[in-house]
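In what follows, a single structure is set out as structure tokens and then discussed.
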Amino acid sequence: MKNLRIISLQLFLLLFLSTTFAMAQNSGPSAAVSGQLLDENGKPMDFATVSLLKAQDSTVVKGTLSNESGNYNFDHINSGTYIIKASVVGYAKAISNVFTITGNSLNFTVPALKLQPTSHSLNAVTITASKPLIEHKADRVVMNVENSVLAAGNSAMDILERAPGVSVDKDDNISLKGKQGVTVMLNGKLTYLTSAQLATLLRSTDGTTIQSIEIISNPSAKYDAAGNSGIINIILKKNHQTGTNGTLTVGTGYGAYGKDNENLSLNHKEGKLNVFGSFSHNDNKRIQDIGIKRIIPDTAGGAPTYFRQTSPFIESDHNNSYRLGADYDLSSKNTIGFVASGYFNGEQDGIDDRTYIGPSFTQVDSTLRTASNVHQTYHNIAFNLNDTWKIDTAGQELSADLDYSQFKNNSVASYITDYYLPDGSIQHKEAFLGNLTPSTIDIRTGKVDYSKPMSKGLKFEAGLKFSDVKTDNNLTEKTVESDPFVSTNHFVYDEKVDAGYVNFNKDFKGFSVQAGLRAEYTSSNAHGDSATVVSIIPRHYLDLFPTLFLDRNFNDKNEITFSYGRRIDRPQYDNLNPFVFHIDPYTYQKGNPYLRPQYTNNFELAYTYNKSITLTLDYSKTTDVITEVPGTDPATKVSFITQDNLQEQNAWSANLYAPYTFTKWWEGNINVNAFYLGFKSNNLEGGDLNRGQFAYNIRATQTFTPFKGYKAELTGHYQSDLTYGLYDVKPRYSVDAGVSHSFANKKLNVKLSMSDIFNTLRNDVNSQYQNTDLFITQKRESRITRLTVTWNFGNNKIKAREHQTGADDEKNRVKGNN
């Protein structure tokens, strides 16, 4: 801890000295220029665009917005002759008289400017242009979900599965360009959740609350270093319209069972205060069929034993989430924000599992049937407090965030197994297993970020972040239904990460460079306690994560970028839990308390033509790869799943994105990703692993606007078979379509969509390594028809300009657990 305090002190001093140095650059003779804008009635004109121009050639020196009082201010203005220009929609431009700043000037006040309405009043504004569904930017891919037909009625997980280069496997693990290890953020904030917990959060998040999804394959040093294949940032909607307004969404759907979703969002903005809130509810009953085949070798060299398992799985989810917050402009430069959010969800699972055992898959010696009933509840509450200070109009900014989240979850499960002989008679009756698994997760984080545009195109950024995550899981079991539960597994994990970063960005003529360095000190302690085992595993380590970005813009049509970054993936909390969790008498899963973090070096080269067509080449090498490893004990014929570190993973990929327009009413895009994943590891379960495979992923999207007020979308996706660790994943493909129509001046919108029209989407995998010979098939309910109606109500007055507060990127995370 002494070293940690020294590191933190050094980072703080670096941040302080850098800030002092940056401010000292502008400490020469300069003045502050201020003034006020008024409307035709002499009332303050708020949020108008104000520009400070050189009087000689009208070159823009600085720009800002007027505040609620109509006031504006420019700091650090050098000697010279200037004018002020103000503009706002619906009003004629206003220009001040020429004024002069001398070396002796400290403060100069411009006489009030009065803006007059234009001769033609504007009763309504119709915006016909809209963002494309998929946008490729210099450092990220953006999926603009807000107006997508296919987003209506779907959850965040459903939408994420349709994002370019993204895939979700049978266990809800998210991959990007074929690689697992994706970090998912909400509004720029880490969720700190395991894959199962994150899946529950995403499935309970209504798609109508999402504005966009950002896919960042090689993040800068400003972002947390977690996520070897990149970051997916889900940005939630925020209303900037003045007055009181809201949106009500009601939807229904049907696949194998009925579904419904409702969402109410309200917003009130008046003066310096903006208050917003939302509540979402959805019910989703769905089915999936799981089939598992296993071939178990005989330890004496005899004939193997064949297991064939069928598991129809019916899941009923009832999700409720809420979000309430406020932003307040203390001044034109300082905004504070507060958000409280959370959810209370329930889930009921029923599984009728039948296992057939014999000398082949068609011959049966014995059968066992396990009836499982699982009831789960998830509760979360989270708070965020943020403050953003725009130090000057040149872009110097300081922001701070404090977050606290708590999850309380509980699972009650019962498993009743009957054993049958080949003739159908019962061999053993009712072997009972019940478990109760309460868990609590506490997350505390705090961070400070500073940015300073400096002279001659140089920008400096620095920041500090501290996080503390504690999980407490208790597994209690009983084998007689009337007996009390007995604790068999108490696992506590505490992880603290202290981080700091510096980042420099320099723009030259047609060329830019960004270089950064992030340091993260991790201190963790895993404590497991059972009737037979007590384990305490502390770890402390410091890592450095450099990043480099080069951008060469040859002309308006040709641009090349190169990026490098080092990343880390720490083990998920539940994967560290060393104790056994039984699924049925022949299957269990267990964690590995000795898992090590995995480290990745990412290289990316991209070429963009005409600011639209993009070709990207990637290479990454990951060491100590955290991978799911299936295993089998031939003596007991029991199969299990655990996690282990493989020595290395090498990944090469090429990605082509091309948008196109056929007519004014028909446009689309295609994204093709070809990649190779290779895995190596010596002495893994008594053998040497060396395997890999070439694979590809294609996604095409078509958007049609043939008639005014109508919009249709059609998407198709195909993923070839691929290799990941010890698994061979079979191909996946689907087609989705939807249509929408707006009524009542776009206040009412109706959307009809169907996912997986041909019902082809499935998750099938094999694993054949050493003693493991495993075949898994999984077909979820995927063909779902949804009808969604959205009504926008209240005051839709359009302000002169949308007021962007620093809290837009500093809002609270929304979390879930499973």
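The values are calculated or read from the model by the stated rules, or taken from the named source; none is laboratory data. Everything numeric here is computed off the predicted structure, so don't read it as measured data. FYI the Cβ positions are ideal-geometry reconstructions off the backbone, even for glycines, and counts take in every protein chain you see. Heads up: the accessible areas ignore ligands, DNA and RNA and are worked out on the full protein's heavy atoms, side chains in. Shrake-Rupley method; radii C 1.70, N 1.55, O 1.52, S 1.80 Å.
Label sites at N104 and T362, each approximated as a point 7 angstrom past Cα along Cα to Cβ, lie 10.7 nm apart. Panel values: the range 231-369, Kirkwood radius from alpha carbon pairs, Stokes-Einstein at 20 °C and 1.002 mPa s, translational diffusion coefficient 107 µm²/s.
No solvent, one uniform scatterer per C-alpha: report log10 I(q)/I(0) for the range 33-86 via the Debye equation at q = 0.13, 0.23, 0.31 1/Å, two decimals. Debye output, listed in q order: -0.31, -0.83, -1.20. With a Förster radius of 41 Å applied to the C-beta separation of D298 and H741, the computed FRET efficiency comes to 0.05. The simple Förster model, with R0 at 35 Å and r as the Cβ-Cβ distance, assigns L264 and D721 a FRET efficiency of 0.20. Stretching S79 away from N682 to a fully extended chain increases their span by 210.1 nm, per 0.36 nm per residue minus the current alpha-carbon distance. Out of every Cα-Cα pair in the range 297-433, what percent are more than 28 Å apart? Percent of Cα pairs beyond 28 Å in the range 297-433: 54.
Each residue was assigned an accessible area with a 1.4 Å probe, and for D387 the value is about 60 Å². Protein heavy-atom surface of the range 656-735, 1.4 angstrom probe: 60% of the accessible area is carbon and sulfur, with nucleic acids and ligands not counted.
Cα centroids of the range 676-709 and the range 507-529: 27 Å apart. Once the cut-off is 17 Å, how many percent of the Cα-Cα pairs in the range 374-483 end up in the long-distance tail? Summing the P(r) of the range 374-483 above 17 Å gives 72 percent of all pairs. Here the Kirkwood formula, the inverse mean of 1/r across different C-alpha pairs, assigns the range 476-531 a hydrodynamic radius of 16.4 Å.
Accessible surface area normalised per residue over the range 266-397 is 42 Å², counting heavy atoms of protein chains with a 1.4 Å rolling probe. Across all Cα pairs in the range 508-620, the calculated P(r) in 5 Å bins from zero up to the longest distance comes to 2, 9, 14, 13, 11, 10, 9, 8, 8, 7, 5, 3, 2, 0 percent per bin. Eigen-decomposition of the gyration tensor built on the alpha-carbon atoms of the range 424-557 gives equivalent ellipsoid semi-axes of 54, 20, 12 angstrom, largest listed first.
Using alpha carbons only, the radius of gyration of the range 687-771 set against its Kirkwood radius gives Rg/Rh = 1.25.
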